[in-house]
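First the structure, in the form of structure tokens, and then the observations on it.
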């Protein structure tokens, strides 16, 4: 059994960047690395963690430049840099072999970890994540999310003016209801955690967040998928407006060893809507 020091600690990465590393849970199952999306902190995973904490050790970290982690000591904010950050956290905890679970835009980072360290990653679960379509997804498949990295590249230049109104907006008491009425999240979502997720977006420096988003999500080379050796489970919500079934199927076709499971009533915020089922699927797949 892997024993982890519970709580948060500071870990230095390959270039001296200070990372806020988190560890929790205990048990006999293989340790699980949770990869955050770009923007929120660990809050999207909170309900899933509660389901898993008695069965396995878990680790995560705040992405460089965001939340509790320090500003990058170099100009490196690309996916390989974030992957090396994850390995620094794992090495500090004495974890050699592990499973990975990523949500949303954390997909690119998780794929980089898996392809760079095939001997250490035993399984990979990607939740509500799409990769490999790039800008062609907009013109060929009419996938509006394909333009998001381009939009982030423009918006980052206006970040100082946008940051204040954005923070005020997510602090409003009616924000959860507004998001629910928009239809982008299902009725089963934990409303308290949803508010945490939205507020964690606003807690970051907006320019840094958008710059990292542009760098990571804009790097959509589909050839990366063919280099991932770990068995991969793609978990997708049928009502996801951001990651389409076509995007997930495109990944499924390119990954050497992958399977897909569809949650019929789930949205992009699947970990907030079906944490018990997701925890069970992660447990079953990590043991297979």
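Taking a ≥ b ≥ c as the square roots of the Cα gyration tensor eigenvalues, with a/c under 1.5 meaning rounded and otherwise prolate when a/b beats b/c, else oblate, which class fits region 77-127? Since a/c reaches 1.5 but b/c is at least a/b, the shape of region 77-127 is classed as oblate. Between 178, 125, 261, the GNM of the chain built on Cα springs shorter than 10 angstrom shows 178 fluctuating the most.
Once the gyration tensor of the Cα atoms in region 230-288 is diagonalised, the equivalent ellipsoid follows with semi-axes of 18, 17, 7 Å, ordered largest first.
From the gyration tensor of the Cα coordinates in region 7-287, what semi-axes in whole Å does the equivalent ellipsoid have, largest first, with each one equal to sqrt(5λ)?
Over the Cα atoms of region 7-287, the ellipsoid semi-axes are 25, 22, 21 Å.
Kirkwood hydrodynamic radius (Cα pairs, Å) of region 150-288? Value: 17.2 Å, from the Cα pair sum.
Express the relative contact order of the chain as a whole percentage, based on alpha carbon pairs under 8 Å and six or more residues apart in sequence.
It comes to 22 percent, rounded to a whole number.
With neighbours defined as other Cβ atoms within 10 Å of a residue's Cβ, the residues 116, 54 order from fewest to most as 54, 116. In terms of the Cα gyration tensor, with a ≥ b ≥ c the square roots of its eigenvalues, is region 47-115 rounded because a/c is under 1.5, prolate because a/b exceeds b/c, or oblate? Note, shape of region 47-115 comes out prolate. Modelled spin labels at residue 14 and residue 71, positioned 7 Å past Cα toward Cβ, are 2.3 nm from each other. Arranged from fewest to most other beta-carbon atoms within 10 Å of their beta carbon, 257, 13 become 257, 13.
Look at 203, 85 and count the other Cβ atoms within 10 Å of each Cβ; fewest to most, that gives 203, 85.
For the chain, with a Gaussian network of springs between Cα atoms less than 10 Å apart, report the residue from 65, 27, 218 with the top mean-square fluctuation. Residue with maximal mean-square fluctuation among 65, 27, 218: 27.
Each label point was placed 7 Å from the Cα along the Cα-to-Cβ direction; for residue 91 and residue 178 their separation is 4.4 nm.
Here, each number is a calculation from the coordinates, and none is a lab measurement. In this text, all values refer to a predicted model and were calculated from it rather than measured experimentally. Cβ sites come from the backbone with ideal geometry, for glycine too, and all protein chains shown count toward neighbours.
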